[in-house]
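Colleague: Pasting a structure below so you can have a look.
The values are calculated or read from the model by the stated rules, or taken from the named source; none is laboratory data. It should be emphasised that the depicted structure is a prediction, and the values quoted were computed from it without experimental measurement. No Cβ is skipped: glycine too gets one built from the backbone with ideal geometry, and neighbour counts run over all protein chains shown. Side chains included, ligands, DNA and RNA excluded: accessible areas come from the protein's heavy atoms. Shrake-Rupley method; radii C 1.70, N 1.55, O 1.52, S 1.80 Å.
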Amino acid sequence: MKTDAKQHASGWIYLSRQNVVLQVPQIRAAVSATFQAERVFSSIARCFLVLFLFASPVFSQSNYGELHLEVTDPSGLGVTTAIRLVSEANQYDNTFATDDNGNVTAKRIPYGIYRIQIRHPGFADVSESIEIDSELPTKHTVKLALSPVRTSVTIKDSGTLINPDQASSINQIGSQMIQDRLSSLPGRSMQDLVNSQPGWLYEGNAVLHPRGSEYQTQFVVDGIPLTDNRSPSFGPEIEAEDVNSVSIYTAGFPAEYGRKMGGVVELNTFRDPQDGLHGQVVLSGGSFDTAGAFSRAQYVWGKNTLGFSASGGMTSHYLNPVVPENYTNTGTTGDFSAYFERDLTPSDRLVLSVRHELSRYEIPNEQLQQTAGQLQNAGNSETMGIISYSHIFSPDVVADFRGMVRDNSNDLYSNTLSTPIIAFQHNSFREAYFKGSVSIHHGRQEWKAGIESDNIFLHENFNDEITDPSQFDPGTPTTFSFPGSQPGLGARADLEQAAFVQDSIRLGKWTVSVGLRWDHYQLLVNQNAFSPRLTIGRYFQSADMVLHASYDRIFQTPSFENILLSNSPTVVVLDPLVLRLPVLPSHGDYYEVGLSKGLFQQIRLDINVFRRAVNNYADDDQLLNTGISFPIAFRKAILYGAEGKLELPHLGHLSGFVSYSYIVGNAWFPVTGGLFLGDDATSATTQLTGHFPDSQDQRNTLRLRFRYQLASRLWVAAVADYGSGLPFDFDGTYQQALAEYGQAVVDRINFARGRVRPSLSIDASAGANVYKTEHMSVQLQADCENLNNRLNVIDFGGLFSGNAIGPSRSYLLRLTTSF
């Protein structure tokens, strides 16, 4: 049987087979006609931004700085004392000890307003405010005053709730919230923390979706961006216990961030140096045969810091099951990391780190697969090495260089009883990343410019055998192998380069951050783009409020999971009707306006309204009836909504937050990229107009957590999570759904509305400091999730198209020893 593949000058591909021709030029014409009008406004906006950029000297900042603090007595001699550094807005509260000369360095501090608190015998108490707003070290001297008469002074943390110079919305998660968080099942502790913030949603298996974006989240680990999918079914996790602080962006992105722009999650895994040996050991266990252990230690001597961490976990509820019976769902995880940091000179710092992570797990069965005896196992592993070097040229200039190499692999195995298909996969990639930047402080401006290069060498291998031909189109071959007899089809390099320039300008009560980024992407297509960024903030002191607005032009590269397979010419044998279109990068415009306001010097209110318009909107699909996903794209998507968060850092013994998110998302036909077989190929060429709900179009999401300190060593917390339900697309009948998933699941589906019914989980926690001395503490925490024992269906539509059920009522215990 002859197959003709023809390549158009535009890069679009159509296939003709058995005299069936898919008219791709029709799709192209429909897309082109609507893109023109949409480009007019964004082009004008970009022109104004570029003119502004080159009309003034510019660059900007990332989100972490450093404080060099000196404490002296009235005569100028150094004082050895304890210093408390607090920022309520950043959930930061840490205590440091000065050396014999009265000096101490606090590293990797999120930008914001901090309060320095010192109590030392014989001297008056100190409470001073300081702002950290630069990557360059901030130097500050505190001169203690003699206190001839001892008086009682109450030191408050007020004044650190609002950062007057913050021009965009950034959610911060501090070490205390990480420590007291609701316990998680293995593989998703960090994802659960991020998902607790407004604007973020889960689909099945802890896949994060910021403001409706599909697979467009990047984790920045100690300055290194990881742009692949980090959910449990795609990649090993970084344990929450291994993280010291988290900064989360969904708008107002610095120009140094690109490629995956749904949301950016900055993880800081380094601890502040304290002389000697310090660390933590965590033991946990509970429902679903869950058990875990984590340990970390750090030793500081002189100008050197050496640290390591290790963890392991197991559970019988690793992924979200497809049915309440939770068939075949065991999983194990492991992690090891080590780092060494040395201040070579007062101006030079070198950091080396290595990390290895792995997971092994089963793929959950539905009813028919379990009856047949199916067993599918999957796993992934990752080894990463990072080196960074920074040099301070002067008090106003610092350069930073970072490099990373990592190996990553993903595997899938099936037994002979698997139905309707036996699938095997072995994918891997090797990544080499480099970034160099320079930051310059000049007057009211903080400049930053840099370059980055990311080279990812992809290798894909897949084969299958159909065991139930009735579930596939006539003519589908019973076996398939990729890359088959052409090994070169399964190996290719994803080459991406970028350069950026950004600036933060402070003009009285105004803060303006502006940036420009250039990206180049080369894999299946070769594209480059300029992306201007702009954020503006205005502080109103009398109202203790910051108003801010931002515009982000984004260039998003396609997900590379199985992209070689889905775009290979070998897939034309899979069905008599096949459509292949190269997946192009997404281009979009993000807008946000919002405010941050302090209320009664005790409460922080954040409100944001946003709109995202994206062309070549990224989504994903599955190959045949396997768990092998690959990227696709639609003509455009428009997502808009609002978010609000009311945060109470401390009111007496009470702390916590309540947040609400409203999101509406729609995607427009036709498809503009991906692989489509059979009826899907026909629909792709005939459905040229109209729109449909984005798969993350959950209109209402409400979350709350409140913690109450019952006594000095005992606290309790209440947590609730409500979602109004995601849309779904199920091709089968009601009776088919009943046979595959059972009555309990079907009752949680509103077939008439095409939406999952609302979910609600009420959780509770309690913690006690069972032992505490100056050098050691032991805390026991008990968590109960889904106290209401509600069957919460997260997604519906089949195992490999998103069916997922949340955990039933369960408990976990966590014992933490810190020294």
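Colleague: For residue 226, indicate whether it is farther than 25 Å from residue 521 by Cβ and under 11 Å from the mean Cα position of the chain (by Cα).
Modeller: no
Colleague: Scanning for something part of a strand (DSSP E or B), in contact with a Pro (Cβ under 6 Å, 6 or more places away or on another chain) and surrounded by 23 or more Cβ atoms within 10 Å (Cβ to Cβ), does the stretch 266-275 turn up at least one residue?
Modeller: The answer is no, given that none of the residues of the stretch 266-275 is part of a strand (DSSP E or B), in contact with a Pro (Cβ under 6 Å, 6 or more places away or on another chain) and surrounded by 23 or more Cβ atoms within 10 Å (Cβ to Cβ).
Colleague: Looking only at the stretch 476-504, which residues are in a strand (DSSP E or B) and either open to solvent by less than 20 Å² (accessible area, probe 1.4 Å) or on the phi > 0 side of the Ramachandran plot (or both)?
Modeller: 480, 482, 494, 496, 498, 500, 502, 503, 504 - these are the residues of the stretch 476-504 that are in a strand (DSSP E or B) and either open to solvent by less than 20 Å² (accessible area, probe 1.4 Å) or on the phi > 0 side of the Ramachandran plot (or both).
Colleague: A further question follows. Can you tell me which residue is least open to solvent (accessible area, probe 1.4 Å) among those in the stretch 721-765 that are assigned to a loop (DSSP other than H, G, I, E, B) and of a type in the set (Asp, Glu)?
Modeller: 747
Colleague: Tell me, which residue of the stretch 352-375 that is among the hydrophobic types (A, V, I, L, M, F, W, C) and part of a strand (DSSP E or B) is surrounded by the fewest Cβ atoms within 10 Å (Cβ to Cβ)?
Modeller: 352
Colleague: Continuing with the same structure: Please state which of the following conditions residue 312 fails to meet, knowing it meets all the rest: (1) touching a residue at least 60 places away in the same chain (Cβ under 8 Å); (2) under 24 Å from residue 428 (Cβ atoms); (3) open to solvent by 20 Å² or more (accessible area, probe 1.4 Å).
Modeller: With (1) touching a residue at least 60 places away in the same chain (Cβ under 8 Å); (2) under 24 Å from residue 428 (Cβ atoms); (3) open to solvent by 20 Å² or more (accessible area, probe 1.4 Å) applied to residue 312, the lone miss is (1).
Colleague: Considering each of 618, 642, 633 in turn, give the residue that is under 30 Å from residue 361 (Cβ atoms), open to solvent by 10 Å² or more (accessible area, probe 1.4 Å) and modelled with pLDDT of 90 or more.
Modeller: 618
Colleague: With respect to residue 406, determine if the residue is charged (D, E, K, R) and crowded, with 16+ Cβ neighbours inside 10 Å.
Modeller: Against the criterion (charged (D, E, K, R) and crowded, with 16+ Cβ neighbours inside 10 Å), residue 406 qualifies.
Colleague: Additional query: Can you name the residue in the stretch 621-630 that is in a strand (DSSP E or B) and not polar (S, T, N, Q) and, of all such residues, is least open to solvent (accessible area, probe 1.4 Å)?
Modeller: Applying the filter and picking the extreme gives 630.
Colleague: Which residue pairs have Cβ atoms closer than 7 Å, lie 6 or more positions apart in sequence or on different chains, and pair a first residue in the stretch 433-449 that is free of Cβ contacts under 8 Å to residues at least 40 places away in the same chain and surrounded by fewer than 21 Cβ atoms within 10 Å (Cβ to Cβ) with a second residue that is assigned to a strand (DSSP E or B) and among the hydrophobic types (A, V, I, L, M, F, W, C)?
Modeller: 436/401; 436/451
Colleague: Another question, if that's okay. Report, by residue number, each residue of the stretch 766-795 that is among the β-branched types (Val, Ile, Thr) and either touching a Cys at 6+ places or on another chain (Cβ under 9 Å) or not in a strand (DSSP E or B) (or both).
Modeller: Once the filter is applied, which keeps residues that are among the β-branched types (Val, Ile, Thr) and either touching a Cys at 6+ places or on another chain (Cβ under 9 Å) or not in a strand (DSSP E or B) (or both), the stretch 766-795 yields only 773.
Colleague: Right, another one. Read through the list (1) surrounded by fewer than 18 Cβ atoms within 10 Å (Cβ to Cβ); (2) not in a strand (DSSP E or B), then give the number of the only condition that residue 524 fails.
Modeller: Every listed condition holds for residue 524 apart from (1).
Colleague: Kindly establish whether residue 357 is in contact with a Pro (Cβ under 6 Å, 6 or more places away or on another chain) and under 25 Å from residue 225 (Cβ atoms).
Modeller: In short, yes.
Colleague: Regarding residue 582, is this residue modelled with pLDDT under 95, more than 30 Å from residue 510 (Cα to Cα), of a type outside the set (Lys, Arg) and touching a Leu at 6+ places or on another chain (Cβ under 7 Å)?
Modeller: Spelling it out, residue 582 is indeed modelled with pLDDT under 95, more than 30 Å from residue 510 (Cα to Cα), of a type outside the set (Lys, Arg) and touching a Leu at 6+ places or on another chain (Cβ under 7 Å).
Colleague: Restricting to the stretch 85-144, name every residue that is of a type in the set (Val, Ile, Thr), closer than 16 Å to residue 67 by Cα and free of Cβ contacts under 8 Å to residues at least 60 places away in the same chain.
Modeller: Matches in the stretch 85-144: 95, 98, 104, 109, 113, 116, 118.
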